[in-house]
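The values are calculated or read from the model by the stated rules, or taken from the named source; none is laboratory data. Predicted, not measured: the structure shown is a model, and the values here were computed from it. Quick reminder, even Gly has a Cβ in these numbers, built from the backbone with ideal geometry, and neighbours come from all protein chains shown. When the accessible area is computed, the model is the full protein with side chains, heavy atoms only, and any ligands, DNA or RNA have been set aside. Shrake-Rupley method; radii C 1.70, N 1.55, O 1.52, S 1.80 Å.
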Amino acid sequence: MNVFVIGIGLIGGSLAKDIKMLYPQSKLFGIDSSEMHLKQAFSLNIIDEMASMDDLYKADWVIVAVPVDVAVSLVPEVLDKIPSHALVLEVGSTKAALCKAISKHKNRRNLLATHPIAGTEFSGPKAAHCGLFKGKTNIICEIDKTAFPIQEKALKLFAALEMHIRYMKPKAHDKHIAYVSHLSHISSFMLGKTVIEKEQNERDIFDLAGSGFESTVRLAKSSPAMWTPIFKQNKTNIIGCLEEYIRNLKQFKKLIENDKYDPIFKELESTNKIKEILNGIQFKQ
Ligand code: NAP
C-alpha cells in the first residue's frame, strides 16, 4: 500500500509513524515544501521516500496535513491527481472553507474531511510521535459526501488508532472549536505577550514564574505559520468568542476595582465546575 503524506510535520509525521506500525507492508512517501523537513523525516525513518505531487498517480492513501490556507488550494490539486480508488484524508483545524472549496470537485467522494483533536505546541517531523491520536476525538465532517468504500477504509484506520469519532457539520465544527481551541490559543498568546512586555522592565517576573504560568502559556509556543491562517479562516467565530471573553475580563476587573470579593468568590466557585466537565471528558476517553 502506497501512503503519501503531504506536510510531514507534527500531525502528518505522527500519522505516518502510526500507519507504518499498524500496516508494516505499507510504503510511506513524503511531500513537503520544506526540504529540511523532508530530509529530517527521511533520516528519522518516518518516510521511506521523498516524492512530489506528480507521483500521486500511484497513491492508495493520501494524508494532507498542511496549514489550513494551503489545504484549500492544495486539496483540489490532490483530487485531480489521484487514482479512482484512493482515500484522501485532510486533517486541518478548520473545516468550512475546505469543504466549500472541494464541494463541486469531480473527485469529492475520495476525500474525508477530519479534524483530529490531538496535538502539541511543537511542530515539524522531529515533534512527530507514535500514539499521538490514541484515545483522542476525531471530528468527521460531511461523511455522506465521501464514497462508502473510502469511508470504510478511513474508519478502520481510526479504529486501529483507537480514536473516538464525532460527526459534525463544517460550520458547527468551526463555531465550537473556536471556543475550546482557538480562544485558548489566543488567550495563551496574549498572556505571554503581556508578561514579555512587562518583563522588559521587570527582570524578576520570569524568575518567579511557576508551573501555573508555564502551563497557561504553553500554547503560546505554537507555530504562527499554522495558527495565523486558522484565525483568518475562522475570523467571524473568533471575534464572537473574543467579545464574550473580553466582557468577562472587564466584568472581573470591575469587581476587583469595587472590592466585590463575595461575587468574585462566587464567580471562581461556579467556574470550578470545569473540573467535573473535564473529568467527564477524560472518563469518556
Ligand atoms: P507542522 O508541524 O508545521 O507541519 C506542516 C508541514 O507542512 C510543514 O513541514 C510545512 O513546511 C509543510 N507545508 C507548508 N506548506 C506546504 C505546501 N504548500 N506543500 C507541502 N507542504 C507544506 O504543522 P502540524 O501541527 O502538523 O499541522 C498540520 C495540519 O494539521 C494543519 O492544518 C493544522 O491545522 C492541523 N492540526 C494541527 C494540530 C496541532 O495541534 N498541531 C491538531 C490537529 C490538526 P514549513 O514548515 O516549511 O511551512
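Can you run down the residue pairs with Cβ atoms below 6 Å, 6 or more apart or on separate chains, where the first is in segment 1-24 and open to solvent by 40 Å² or more (accessible area, probe 1.4 Å) and the partner is hydroxyl-bearing (Ser, Thr, Tyr)?
Pairs that qualify, where the first residue is open to solvent by 40 Å² or more (accessible area, probe 1.4 Å) and the partner is hydroxyl-bearing (Ser, Thr, Tyr), are Met1/Ser26.
One residue is enough: does segment 16-32 have a residue meeting the conditions within 7 Å of the ligand (Cβ to nearest atom), modelled with pLDDT of 95 or more and at positive phi?
There is no residue in segment 16-32 that is within 7 Å of the ligand (Cβ to nearest atom), modelled with pLDDT of 95 or more and at positive phi.
Which of (1) of a type in the set (D, E, K, R); (2) open to solvent by less than 10 Å² (accessible area, probe 1.4 Å); (3) touching a Leu at 6+ places or on another chain (Cβ under 6 Å) is the odd one out, the single condition Lys153 does not satisfy?
(2)
Would you pick out the residues in segment 98-123 that are more than 10 Å from the ligand (Cβ to nearest atom) and open to solvent by 40 Å² or more (accessible area, probe 1.4 Å)?
Lys100, Ala101, Ser103, Lys104, Lys106, Arg109
What about Glu214, is it of a type in the set (D, E, K, R), outside any helix (DSSP H, G or I) and modelled with pLDDT under 95?
Considered against the rule, which asks whether it is of a type in the set (D, E, K, R), outside any helix (DSSP H, G or I) and modelled with pLDDT under 95, Glu214 comes out as no.
Restricted to segment 124-139, and to residues that are touching a strand residue (DSSP E or B) at 6+ places or on another chain (Cβ under 7 Å) and either aliphatic (A, V, I, L, M) or open to solvent by 40 Å² or more (accessible area, probe 1.4 Å) (or both), which residue is nearest to Ile6 (Cα to Cα)?
The residue in question is Ile139.
Just to be sure, is Met53 within 9 Å of the ligand (Cβ to nearest atom) and free of Cβ contacts under 8 Å to residues at least 12 places away in the same chain?
no
Yes or no, residue by residue, for (1) farther than 15 Å from Ala154 by Cα; (2) of a type in the set (A, V, I, L, M):
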residue	(1), (2)
Leu10	yes, yes
Asp18	no, no
Phe29	yes, no
Leu38	yes, yes
Phe42	yes, no
Ala59	no, yes
